[in-house]
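One structure is given here, and the rest of the page talks about it.
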Amino acid sequence: MTLDDLLEKAAQLENKTVAVAAAEDEEVLEAVKLALERELADFMLFGNKEVIETMLLEKQIDSRRVTIHHARSAEQASEAAVKAVFQNEADVLMKGNVPTAVILKAVLNKEFGLRTGNILSHVAVFDVPGYDRYTIVTDAAMNVAPDLQQKKQILENSVTVARKIGIEMPKVAPLAAVEVINPAMQATLDAAALTQMNARGQIKHCLVDGPLALDNAVSMEAAEHKGIKSGAAGQADILLVPTIEVGNVLYKSLIYFAGAKVGAVIAGAKAPIVLTSRADSAESKLYSLALAICTS
């Protein structure tokens, strides 16, 4: 399974629409252009109509599957884009040239926002060279130091994403520095608790086994060398990190050291949210759109 497979799957889904908040952004419109060329979705672009129209002409973007909705500010554009998803006019929300805090404020609005009662979390799907399966990392961008209950919801969000992209029974490895429970290391205690919650049916539709160090989570050879026998060791689909620092380092290491490709969404809302960074490549933005469309 590769991220290119996701592009093909997204293209087969009909009548999907993406609402882009503050769409007057070079990188975002480049991703929109690539998505339109692959016929992934229709787009509702919210922002300065005159500027957006000029940029569409400059980039030679086919506007037949695009509608532009004027907004006087990034705040207004964010609210209008969120309302479009809330009213089922769009299936996916995408961040344009707007601060993350501004669009999330609209997402969390009690009147028209996209709250579900669950925690919002970042789910990144990697296509790592040398691996024949997706590697999912969560949470590398939203939750700083989640407690046990928050980790449970982060895990469940990632399982939902995994199942929607074809992993029926994802194997989840709650990561820690060691494989044994150490009362001085909270990550091991939380990992053991999540494993037990899964065994008792409190966490469903997946197999959870931890604590596991990264090597034992992804390498069968490493797991066998340490005598670890479980359904997840060496073949984890989802890597649940203990803190945002661990997730951030792992996320960027896979990209810059391993040359991995990635698509990511914010899960836990009523619809997938694409919160791309300016540092993300156009390819990563395209994969993120495909992931969002496939999980909407």
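The values are calculated or read from the model by the stated rules, or taken from the named source; none is laboratory data. This is a predicted model, so every value here is computed, not measured. Note that we place each Cβ from the backbone using ideal geometry, even for glycine, and neighbour counts take in every protein chain shown. Just so you know, the surface numbers come from the protein's heavy atoms only, side chains and all, with ligands and any DNA or RNA stripped out. Shrake-Rupley method; radii C 1.70, N 1.55, O 1.52, S 1.80 Å.
At 1.4 Å probe size, with no ligands or nucleic acids counted, give the accessible surface of TYR287 in Å², nearest ten.
10
Of GLY210, GLY166, GLY201, which is the most mobile in a GNM of the chain whose springs link Cα atoms less than 10 angstrom apart?
GLY201
Mind checking which of SER78, SER284, SER121 has the largest fluctuation in a GNM of the chain, springs on alpha carbons under 10 Å?
So, out of SER78, SER284, SER121, the one fluctuating most is SER284.
At each listed q (0.08 Å⁻¹), what is the log10 of I(q)/I(0) that the Debye formula gives for the range 142-296 modelled as equal alpha-carbon point scatterers?
Results for the range 142-296 at q = 0.08 Å⁻¹ read -0.22.
Of LEU240, ILE119, VAL92, which is farthest towards the positive pole of the chain's charge dipole, taken about the Cα centre with +1 and -1 on the beta-carbons of Lys, Arg and Asp, Glu respectively?
Of the listed residues, the answer is ILE119.
Could you give the size of the charge dipole of the chain about its Cα centre, using +1 on the Cβ of each K and R and -1 on the Cβ of each D and E, expressed in debye and rounded to the nearest 20?
800
When N is the residue count of the range 1-113, what does its C-alpha Rg come to as a fraction of 2.2 N^0.38 Å?
Numbers: Rg = 13.8 Å, N = 113, 2.2 N^0.38 = 13.3 Å.
So the Cα radius of gyration is 1.04 times the expected 2.2 N^0.38 Å.
Subtracting the Cα-Cα distance from 0.36 nm times the residue separation, let me have the gained length for ARG278 to GLU8 in nm, one decimal.
The ARG278-GLU8 span can extend by a further 94.7 nm.
When all protein chains stay in place, what accessible area (Å², nearest 10, 1.4 Å probe) is found for LYS152?
30
Can you tell me, using C-alpha contacts under 8 Å and at least 6 residues apart, the relative contact order of the range 1-100 as a whole percent?
Values: 166 pairs, mean separation 37.7, N = 100.
Normalised by residue count, the contact order of the range 1-100 is 38 percent.
Which value in nm describes the separation of the simple spin-label points at ARG64 and ARG200, placed 7 Å from the Cα toward the beta carbon?
5.8
Return a whole-number percent for the relative contact order of the range 188-296, with Cα pairs under 8 Å and 6 or more residues apart as the contact set.
Value for the range 188-296: 15 percent.
Rounded to the nearest 5, what is the percent of antiparallel bridges among the DSSP beta bridges in the chain? Please report the intermediate quantities before stating the final value.
Working: 11 of 36 bridges.
In the chain, approximately 30 percent of DSSP beta bridges are antiparallel ones.
How many Å³ per residue does the convex hull of the Cα positions in the range 62-156 occupy? It would help to have the intermediate numbers written out before the result.
Values: hull volume 16.1 nm³, N = 95.
Given the Cα convex hull of the range 62-156, per-residue volume reads 170 Å³.
Cα gyration tensor of the chain, axes a ≥ b ≥ c as square roots of the eigenvalues: rounded (a/c below 1.5), prolate (a/b > b/c) or oblate?
Judged from the Cα gyration tensor, the chain comes out prolate (a/c at least 1.5, a/b above b/c).
Taking a ≥ b ≥ c as the square roots of the Cα gyration tensor eigenvalues, with a/c under 1.5 meaning rounded and otherwise prolate when a/b beats b/c, else oblate, which class fits the range 189-255?
oblate
Would you count, across the range 1-122, every pair of lysines whose alpha carbons are under 20 angstrom apart, provided the pair is eight or more residues apart or spans two chains?
Lysine pairs meeting both conditions in the range 1-122 amount to 16.
Can you give the charge dipole size of the range 149-234 about its Cα centre, rounded to the nearest 20 debye, using +1 on the beta carbon of Lys and Arg and -1 on the beta carbon of Asp and Glu?
Dipole magnitude for the range 149-234 comes out near 360 debye.
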